[in-house]
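Below is one structure, written out as C-alpha cells, with a few remarks after it.
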Amino acid sequence: MEELQLAERLIAYDTSRRSGLRHALDFIAGWLDGRGVSVRRVQVEDREAIVARAGGDGVRVIYHGHVDVVPGLPGQFTPRVDGNRLFGRGAYDMKAALACMMLSIADLAGKLHDAQTDLIVVPDEERADPGPNCTEMMVRDGLSADLVVCGEPTDMQIGVQAKGVLILRAEVPGTAAHGATPWLGKNAILRAVDMYRQIENLPFAGESSPLFEGPSINLGRIKGGDAVNKVPDRCRVDVDVRYLPTQESDEVLRQIRSIDPDVDIEVLLQRPPADVDPRHPLVARLIEAASEHEPSAASVGRDGASDAVAFLATGTPAVEFGPRGAGHHGPEEHVEIDSLRRYRRALTDFSHAVAATAGEGARA
C-alpha cells in the first residue's frame, strides 16, 4: 500500500531536529522529482520549503503540509503497524496526510487542465517561538490561492473553524525564606499554580460557541526555585490558551492580567481563530468530494491551530482536512491505515472536480 509505505518512510525521520528536517526535505523533493512532478525548493530566510505543482493556469488550490513534529519518546520514530493503526510520531499530525498529499500531486501531474494544484511543505508549523514562521513569511511575500487545504488531523471532516492561540509567559514573584520556615516567605511556585487555577475559572473559560464546548487552557512549562531548602522567590510559567472564534484576544488577556497586578505577563505567540464559511463554493465542493469516501464528512471546528490562519489573514480561504487517527503529540499517536487511501482519493477527486468546473466555465 503506497500510502502506508510512504507514511512510514516520513515517520522514520526525526523531524523534531534540524538534521532530521534537512534529510526529510531532501527525500520529499527527490521523491516528487522522481515521479515527474514539477518541484522547487524555496529559501525563506533561514528556512527552506518545498513547492510542487500540477496543472497550469486557472483556479488555484494549495495542499499545505508540514514535515516538522514535536519531540517524541524513544521508539516513536520507528513506525509500527498494529492492525489497522500506524503508530509513530507525526503519524496523525501530519506525516500520513503529507504522504497522501504527495501521492495525490503525483496522481495529478500531467493530468490536470484548466486549474492548478500546488503542494507546499514547510518545516516549522509546530514552532511556538516568537516571530513569523515559514508559511507566514511566504504569505507576506504574496503566496495565495483560491482555497488552501491544510492536512491537519480532522478525521476526514472539513475543519472550517479553529481556536485562536495565546501562548503566555507569567513571571510570578514571591518572597524567599528558609525551607525550614516556609511560613515566613511567599512560595512563588505555589502562587503560580494558584494563578493557573484562577485562569481556568475566569469568565472567558466558561463560554462556548456552536462548534466548541469551550476554550482550552494548558500549563505547558514551569520553572521556579534555585535551592530545595529555600522558599522560591521567582517562578516562570508558560500557559497555552486556545480561545473561541467568538472571543476577542484582548479581552481574554485583560481577564488574565486582572488576576494579579504584581505578575508580569508576556505574550509569546498569538494567532487569531480560523473561521471559513462552509458554504464557500470550493469548501462545499471539498465536503462533497470527501463525502464520496467518508459518508459522515461535514464541517467541524478544531481545537488546535494551524497555518490556515496565515492565509485567512490576507483573505485567502483555508480549511483543515486530514485522515482518521488519534493521539497527536502524545505517546500513542496513530493514524487509521484504511483512511489513507480514501483521503488520497478525496484530494485527487477534489482537484479534478475543480478543474472540470473551471473548464466548463471557460468553454461557456
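The values are calculated or read from the model by the stated rules, or taken from the named source; none is laboratory data. The shown structure was predicted, so the numbers you read here are calculated from the model rather than taken from an experiment. Neighbour counts are summed over all protein chains in view; Cβ atoms, including those assigned to glycine, are modelled from backbone coordinates with ideal geometry.
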Q. Which is touching a Leu at 6+ places or on another chain (Cβ under 6 Å), on the phi > 0 side of the Ramachandran plot and not hydroxyl-bearing (Ser, Thr, Tyr), of 90, 83, 55?
A. 55
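Within the stretch 103-134, track down each residue that is aliphatic (A, V, I, L, M) and closer than 30 Å to residue 267 by Cβ. So that I can check it myself, show each step before the final result.
Initially, the stretch 103-134 is screened for residues aliphatic (A, V, I, L, M), giving 103, 105-106, 108-109, 112, 115, 119-122, 128.
Matches in the stretch 103-134: 120, 121, 122, 128.
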Q: Among the numbered conditions (1) of a type in the set (Gly, Ala, Ser); (2) under 21 Å from residue 6 (Cβ atoms); (3) crowded, with 21+ Cβ neighbours inside 10 Å, tell me where residue 327 comes up short.
A: (3)
Q) Is it the case that the stretch 166-180 has a residue that's in contact with a strand residue (DSSP E or B) (Cβ under 6 Å, 6 or more places away or on another chain), within 30 Å of residue 343 (Cα to Cα) and touching a residue at least 40 places away in the same chain (Cβ under 8 Å)? A) no
Q. Can you pull out the residues in the stretch 45-71 that are touching a residue at least 60 places away in the same chain (Cβ under 8 Å) and within 19 Å of the chain's Cα centre (by Cα)?
A. 47, 48, 49, 50, 51, 61, 62, 63, 64, 65, 66, 70
Q: Please enumerate the residues belonging to the stretch 72-94 that are within 23 Å of residue 30 (Cβ to Cβ) and touching an Asp or Glu at 6+ places or on another chain (Cβ under 9 Å).
A: 77, 79, 86, 88, 89, 90, 91, 94
**Q.** Test: residue in the stretch 185-201 that is among the aliphatic types (A, V, I, L, M), assigned by TED's automatic domain parsing to the domain that holds residue 240, surrounded by fewer than 18 Cβ atoms within 10 Å (Cβ to Cβ) and over 30 Å from residue 105 (Cβ atoms)
**A.** yes
Q: Could you identify the single residue in 38, 16 that is within 20 Å of the chain's Cα centre (by Cα) and either more than 26 Å from residue 338 (Cβ to Cβ) or surrounded by 14 or more Cβ atoms within 10 Å (Cβ to Cβ) (or both)?
A: 16
**Q.** Of the criteria (1) of a type in the set (Asp, Glu); (2) modelled with pLDDT of 95 or more; (3) surrounded by 22 or more Cβ atoms within 10 Å (Cβ to Cβ), which one residue 307 fails
**A.** (2)
**Q.** Selected residue [on the phi < 0 side of the Ramachandran plot and in a loop (DSSP other than H, G, I, E, B)] from 118, 124, 155
**A.** 124
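Across the stretch 158-211, what is the total count of residues that are in a strand (DSSP E or B), charged (D, E, K, R) and within 28 Å of the chain's Cα centre (by Cα)? Don't jump to the end; show me each part of the working.
Step one: filter the stretch 158-211 for residues in a strand (DSSP E or B), giving 158-162, 164-173, 175, 178, 186, 209.
Now drop any that are not charged (D, E, K, R), which leaves 169, 171, 186.
From the residues that got through so far, the ones that are within 28 Å of the chain's Cα centre (by Cα) too are 169, 171.
Within the stretch 158-211, residues that are in a strand (DSSP E or B), charged (D, E, K, R) and within 28 Å of the chain's Cα centre (by Cα) number 2.
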Q. Can you pull out the strands (runs of 3 or more DSSP E) entirely within the stretch 1-95 that have at least 1 residues that are among the β-branched types (Val, Ile, Thr) and modelled with pLDDT under 95?
A. 38-44, 59-66
**Q.** Qualifying helices (runs of 4 or more DSSP H) (wholly inside the stretch 250-364; at least 2 residues being farther than 29 Å from residue 213 by Cα and either touching a His at 6+ places or on another chain (Cβ under 9 Å) or not assigned by TED's automatic domain parsing to the domain that holds residue 148 (or both))
**A.** 337-363
Q: Say whether the condition of being more than 21 Å from the chain's Cα centre (by Cα) and crowded, with 23+ Cβ neighbours inside 10 Å is met by at least one residue in the stretch 84-99.
A: no
